[in-house]
Amino acid sequence: MGTTLRIGVHASSRGAGIAAIEAALEAVQFTDSLLSTWRDDSELARLNHMPPGQTAPVPPTLAPILAEVVRWSRATGGAFDPAVGALVDAWDARGGGRVPTGEELARALERSGAGAIELSADGRTWRRTADGAWLDSGGFGKGAALAAARDSLAAHGVGSALLDFGGQVLALGPDTAGGAWSVPVAHPARRLEPVARLALRDRSASTSSQSERFVEVGGRRYGHIFDPRTGRPVPAWGSVTVVARDPLLADILSTALLVLGPEAALAWARERPEIGVLVLEDRGGRVRSRWSPGLEAFLVQDSTLVRGG
Ligand code: AMP
Ligand code: MG
């Protein structure tokens, strides 16, 4: 998945801990074999290469993940668009980057969004409607992998663990001292500089931002997250961190809410107390922070963060 994964577990013995970590890594590798679009032999890559118009069954291991993705794509009004592949290609976001012509952009917009790949609500059948349309797991693969790792650790009797998957964290059970795991949230433009701290237990925290990955064309930076309404990269306004029980959901929502922008993201989260949302706006080096009611329980109040500051 092009990133690093760190796993720490508390176990009854060294051997039990190592066995649990090995099994968790296998669960992550299995998820990669389902979802990777960086190789041709994953289940998703196979579906992405199906001839347009042909209906195909989705393997039962993959279907529940895709069903969840479709569900939250709808619940975010399409801001989360797993069929963003044609836009990724149009902007060459996986290569050196390029700015598409108006015609190319229109073509890519036609090949992305809800109509580009028809998936049944249960995720079990798939139909690609056009050449050039493909489903990109970049926005939810890490979350799906962390969910698989969590299930594997539980099956190995691990009740306390911290997993860090290139920015998305999963905190299971209590930490060494029996409290919540302390998880830093970075400055929206400077990844190494923490600006807030979360206290998490049986929760995942996922952060999305445009400064995390981008391409440069003609001296301008274009981030890797696209607004499906315009087909253009979302402006680099800051970052969104989502805290949820389900790592897959946290991953999906941090991407979706970055697309919606700070105001709409907070409005969306206001009615959902089971989800915590932290919005950090980068205002020329100064960070303006706002959060949803669902985040209150996780935000360490002695952190340097000041509401609206
Ligand atoms: P994340 O880092 O989890 O926010 O995911 C970003 C990745 O998701 C990008 O690198 C693309 O692969 C993919 N992506 C870009 N725009 C969208 C979007 N609007 N909805 C879903 N996935 C997207
Ligand atoms: Mg995501």
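The values are calculated or read from the model by the stated rules, or taken from the named source; none is laboratory data. All values reported here derive from a predicted model rather than from experimental measurement. Reconstructed Cβ throughout: ideal geometry from the backbone, glycine too, with neighbour counts over all protein chains shown. For accessibility, only protein heavy atoms count, side chains too; no ligands or nucleic acids. Shrake-Rupley method; radii C 1.70, N 1.55, O 1.52, S 1.80 Å.
For A186, the residues whose amide H sits under 5 Å from its own are V195, ignoring neighbours fewer than 5 places away on the same chain, with H placed 1.01 Å from N.
Charge tally for W91 (other residues, Cβ to Cβ under 11 Å; Lys, Arg +1; Asp, Glu -1): 0. Trypsin sites (Lys or Arg not before Pro) within the range 7-67: which are DSSP loop residues with at most 15 other Cβ atoms inside 10 Å? For trypsin sites (Lys or Arg not before Pro) across the range 7-67 that sit outside H, G, I, E and B with at most 15 neighbouring Cβ atoms in 10 Å, the list reads R39.
The magnitude of the dipole of the range 47-136, with charges of +1 and -1 set on the Cβ of Lys/Arg and Asp/Glu and taken from the Cα centre, is near 180 debye. Label positions at T176 and E110, each projected 7 Å from the Cα along the C-beta direction, are separated by 5.9 nm. Under 5 Å between amide hydrogens, built in the peptide plane, is the criterion, and for A180 it picks out D175 among residues at least 5 positions away or on other chains. What base-10 log of the normalised intensity I(q)/I(0) is obtained for the range 1-151 from the Debye formula, alpha carbons as equal point scatterers, at q = 0.08, 0.16, 0.18 Å⁻¹? Each listed q corresponds, in turn, to -0.26, -0.89, -1.07. Centre-to-centre, using Cα atoms only, the range 89-159 and the range 212-262 are separated by 14 Å. Charge tally around A24: other residues with Cβ under 15 Å, Lys/Arg +1 each, Asp/Glu -1 each, net -2. Based on alpha carbons, the Rg and Dmax found for the chain are 19.3, 61 Å. Net charge of the neighbourhood of R245, taken over other residues with C-beta under 12 Å away and scored Lys/Arg +1, Asp/Glu -1, is 0. Each residue of the range 279-287 was assigned a 3J(HN,Hα) from its phi angle through the Karplus expression (A = 6.51, B = -1.76, C = 1.60, θ = phi - 60°), giving 10, 10, 9, 8, 10, x, x, 7, 9 Hz with x at Gly and Pro.
Modelled spin-label separation between E274 and L192, with each label point placed 7 Å from Cα along the Cα-to-Cβ direction: 4.0 nm.
Once backbone amide H atoms are built at 1.01 Å from N, G238 has Q210, D282 as its partners under 5 Å, excluding neighbours fewer than 5 places away on the same chain. At an R0 of 35 angstrom, the distance between the Cβ atoms of R201 and R46 translates into a FRET efficiency of 0.35.
Hydrophobic long helices, here whole DSSP H runs in the chain with Kyte-Doolittle means of at least 0.0 and Cα atoms spread over 30 Å or more along the helix axis, are found at 14-35. The candidates H224, H187, H49, H156, arranged from most to least accessible area with a 1.4 Å probe in the full protein assembly, appear as H49, H156, H224, H187. Of the peptides 16-25, 110-119, the ranking by mean beta-carbon count within 10 Å, highest at the top, reads 110-119, 16-25. The residue among A148, F30, G179 whose Cα reaches farthest toward the positive pole of the charge dipole of the chain, with charges on the beta-carbon of Lys, Arg, Asp and Glu, is G179.
Couplings 3J(HN,Hα) for the range 225-239, derived from phi with the Karplus relation 6.51 cos²θ - 1.76 cosθ + 1.60 (θ = phi - 60°), are 10, 9, 8, x, 6, 10, x, 9, x, 4, x, 7, 8, x, 9 Hz, where x marks Gly and Pro.
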